[in-house]
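J.: Mind looking over this structure? Questions follow.
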Amino acid sequence: MPDPGCSRPDLCSIPDADAQAEPVRAVRGGLSANGHPLDGDDPPAPLASGIDGTIRLSTAAAVHAVAGIAAYVSYWHAYAVVRAHGETGITARL
């Protein structure tokens, strides 16, 4: 049977873990097996304070305001559609 042109991967060219620049080690919560931070990891970002906190708070307030307005408009639109189709009372409100 002729070869379709595919060849097997060369498994011998895959480097061993010992030959790699950084040996394989157990990682738990961003720490190496000996409890030290991994090489090349950035330190955690500081908590937001001052102007950053103000920006985050005002962004959250704006998102909640837009969501509240959208919910209000959506509810009354759905109510009008249900009323237009003949429902009344509690069924229309729900």
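J.: Going from most exposed to least, what order do V66, V81 have by accessible area with a 1.4 Å probe? If you can, show how the numbers build up before the last one.
T.: Numbers: V66 100, V81 65 Å².
Sorted by accessible area, descending: V66, V81.
J.: In nm, to one decimal, how far is the modelled label at H85 from the one at R56, with both set 7 Å along Cα→Cβ?
T.: Spacing of the two 7 Å Cα→Cβ label points: 4.3 nm.
J.: If you rank Y72, Y79 by how much accessible surface each has, with a 1.4 Å probe, what is the order from largest down? Please report the intermediate quantities before stating the final value.
T.: On the way: Y72 150, Y79 35 Å².
Result, largest first: Y72, Y79.
The values are calculated or read from the model by the stated rules, or taken from the named source; none is laboratory data. Keep in mind the model is a prediction, meaning the values are calculated, not measured. All Cβ positions, even for glycine, are placed from backbone atoms using ideal geometry, and neighbour counts span all protein chains on display. The area values use the complete protein model at the heavy-atom level, side chains included, leaving out ligands, DNA and RNA. Shrake-Rupley method; radii C 1.70, N 1.55, O 1.52, S 1.80 Å.
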